[in-house]
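Presented below is the structure to which this report refers.
The values are calculated or read from the model by the stated rules, or taken from the named source; none is laboratory data. Keep in mind that what you see is a predicted model, and the values were worked out from it rather than measured. Here Cβ is always computed from backbone atoms with ideal geometry, including for glycine, and neighbour counts include all displayed protein chains.
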Amino acid sequence: MEQKMTGFPALFYVDALSLVIIALVTFVALSIGSYASRYLEGDSRQRSFFANLVMLVASVYLMLCADHLLLFLASWGTSNLLLTRLMLHKRRWEAARQSSLLAAKNFGLGFFFLGTAALILYNVTGQTSIQSILTQSIGSQWTIITGSLLLLAAMTQSALWPFHRWLTSSLNSPTPVSAIMHAGLVNGGGFLLARFAPLLAGEAVLMPIIFATGIATALLGTLWKLMQSDIKRMLACSTMGQMGFMIVQCGLGLFPAAIAHLCWHGLFKAYLFLASGSAAQEKRLDLDYPPSLKQFLPALVCGALAAGTFSLTIGERISLADTTLFLVLLPLIAGTQFALPILRGRQKLRLPLAIVASALIGCCYGFSVHLIGQVLAPLNIAVPQELNPLHFIGAVLLVASWLAMLFIHPARWKSYPGWLLKKYVQMLNASQPHPKTITAERNKYQF
C-alpha cells in the first residue's frame, strides 16, 4: 500500500492514507460533476466552473501525494484559492464576493499557520521530506509548538470554532460548490492531523488540547444546527459539528477512526447538499419529544446492543483504560436515537425490528472503522491515549447535551425565563452568516 519514489518523483509519497482520500475525492468529484452538468445547464460561466473544479481536484491529488514541504504548502494553498474562485461563481453578486473574501482571509491565516510549522520543522530537522521529518525526534518543546500550529491550520480548514464563520457564510455558493466544500476541502483538517500523526500522538500535552478543541466545536455546532430554520444553514452547522467529532477522534489518538468518519461524513454530506432542493417537499416526522421512560429504556437497550455489535466488529480490543472506550459511546447514542422513532406506536413487531436494526447499525459502523483501520494499519497511526479526567468531562457533556435535547422541550413551557431568552438570542446571532454575505434585497442579486 506504500510506495516511496526516488529522484524527481521523491517529491511525492503515496501511501494508504493518500489512496483512501484519493478514492473519496474521485467519487465525490465525479458525482458532483455529473450533478453540475445539469444544474449549470445554460449558465454563462459553466465552462469556468468545470475548469476550476478540475484544477481543484488536481491540486487536492497533489496535496495528498506531496512529500516535500514546499509542494505540500503550494498544493494546500492552491486548492483553497481555487475553492474561493468557485465560491465567486457570480462575480457581480456582492454577497458572493464577500463570502469569497471571508474564506480567502480564513485560508490565508491557515496557510500562515501551516507555513510557520513547516519552516520550524525544516529549521529543526534540516529535512524537506515530510516522511523523513516524522521519523526524527525534535524534542518536546518544538513538538508542542509545531503541533499547535498544525492544529490551528486544521481548525481554520475544518471550520472549527472560532474559525467557523467562513463556512456558515458560504451559503450563497452554488449547490455543487457547497457539496465539494462540505464533502471535500473542509475535511482537510482531519487529513492534516492524520498525516502528521506520528509527530502529534507522542506528545501528551497536545492530544488533550486537540480533544478539547474538537468536543467544544462538536457540541456548539450541533446546538446551532438545532436552532436553524434554513436547510443550508442547518447543513453548515451540522458540518461544523461533525468536523468537531472528527477532531475529537484525532485527539483520542484514533486517527483511523477519524479518517473513517471523514469518509462517511463526506459521502453523506455531498448527498444532503445535492438533495437539498427537494427538502421542502419532504414529509416531516413528528417525534413527539420528550419520550416516555417506557419508550426510552427499550431504545437505550437497543443502543447498548449497537455499541456491543460495534465493539465486536471493530476488530480491536476495547480497553477500559484507554480512549478506545470513548468510541463505544458514539454508537450507544446513535443506536438509541435510531431506535426511538421505530419504537413509537403499539405494534408488537416494533421492538424486534428496533433490535435488529440497531444491531445492524452497530455492525456497519464497526465494520467500516475496521476496514479503514486495516487499510491504514501499515502507517501505525492508531495510538490510543490513556483516559484522563478531560475525557470523562467530554463524555459527560456529550451525554448531558443529548439527554437535554431529548427530554427538555421548551416549546411546552408556559413562559420562558429572561436569561434563557437572552442566551438563545446570543447563540442564534453567533450562528448566523456574516451580514455582508447575506442578500437582504432581491435587486442586489445580479445575474
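Could we say that Leu86 is closer than 20 Å to Leu192 by Cα and either in contact (Cβ under 8 Å) with a residue 40 or more places away in the chain or not in a helix (DSSP H, G or I) (or both) here? It is false that Leu86 is closer than 20 Å to Leu192 by Cα and either in contact (Cβ under 8 Å) with a residue 40 or more places away in the chain or not in a helix (DSSP H, G or I) (or both).
The residues on offer are Leu70, Leu64, and the sole one that is of a type in the set (A, V, I, L, M, F, W, C), surrounded by fewer than 18 Cβ atoms within 10 Å (Cβ to Cβ), assigned to a helix (DSSP H, G or I) and out of contact with any strand residue (DSSP E or B) (no Cβ under 7 Å at 6 or more places or on another chain) is Leu70. Can you say whether Ala257 is closer than 24 Å to Ser431 by Cβ, among the small types (Gly, Ala, Ser) and modelled with pLDDT of 85 or more, as far as the supplied structure shows? So Ala257 fails the test.
Hey, does segment 198-207 have a residue that's touching a residue at least 12 places away in the same chain (Cβ under 8 Å) and either charged (D, E, K, R) or within 29 Å of Leu88 (Cβ to Cβ) (or both)? Yes: one or more hits. Are any residues in segment 146-190 among the hydrophobic types (A, V, I, L, M, F, W, C) and within 20 Å of Thr26 (Cα to Cα), and if so, which ones? Matches in segment 146-190: Val177, Ala179, Ile180, Met181, Ala183, Leu185, Val186.
For segment 48-61, a residue qualifies if it is surrounded by fewer than 17 Cβ atoms within 10 Å (Cβ to Cβ) and among the aliphatic types (A, V, I, L, M), and the qualifying residues are Ala51, Val54, Met55, Ala58.
For segment 116-132: of the residues being outside any helix (DSSP H, G or I) and surrounded by 15 or more Cβ atoms within 10 Å (Cβ to Cβ), which is farthest from the chain's Cα centre (by Cα)? Of everything passing the filter in segment 116-132, Gln127 is farthest from the chain's Cα centre (by Cα).
Is there a residue in segment 96-115 that is without any contact (Cβ under 8 Å) to a residue 24 or more places away in the chain and crowded, with 20+ Cβ neighbours inside 10 Å? Within segment 96-115 (the criterion being without any contact (Cβ under 8 Å) to a residue 24 or more places away in the chain and crowded, with 20+ Cβ neighbours inside 10 Å), the answer is yes, since at least one residue qualifies. Among the conditions (1) surrounded by 13 or more Cβ atoms within 10 Å (Cβ to Cβ); (2) in contact with a Ser or Thr (Cβ under 9 Å, 6 or more places away or on another chain); (3) modelled with pLDDT of 85 or more, Met405 misses just one, which is (3).
Listed by position, the helices (runs of 4 or more DSSP H) inside segment 133-189 whose residues that are assigned by TED's automatic domain parsing to the domain that holds Gln242 and free of Cβ contacts under 8 Å to residues at least 24 places away in the same chain number at least 2 are 140-157.
For segment 302-330, filtered to residues that are within 29 Å of Leu353 (Cβ to Cβ) and hydroxyl-bearing (Ser, Thr, Tyr), the residue that is modelled with the highest pLDDT is Thr309. Residue count for segment 23-47 under the criterion of being surrounded by 15 or more Cβ atoms within 10 Å (Cβ to Cβ) and part of a helix (DSSP H, G or I): the result is 12.
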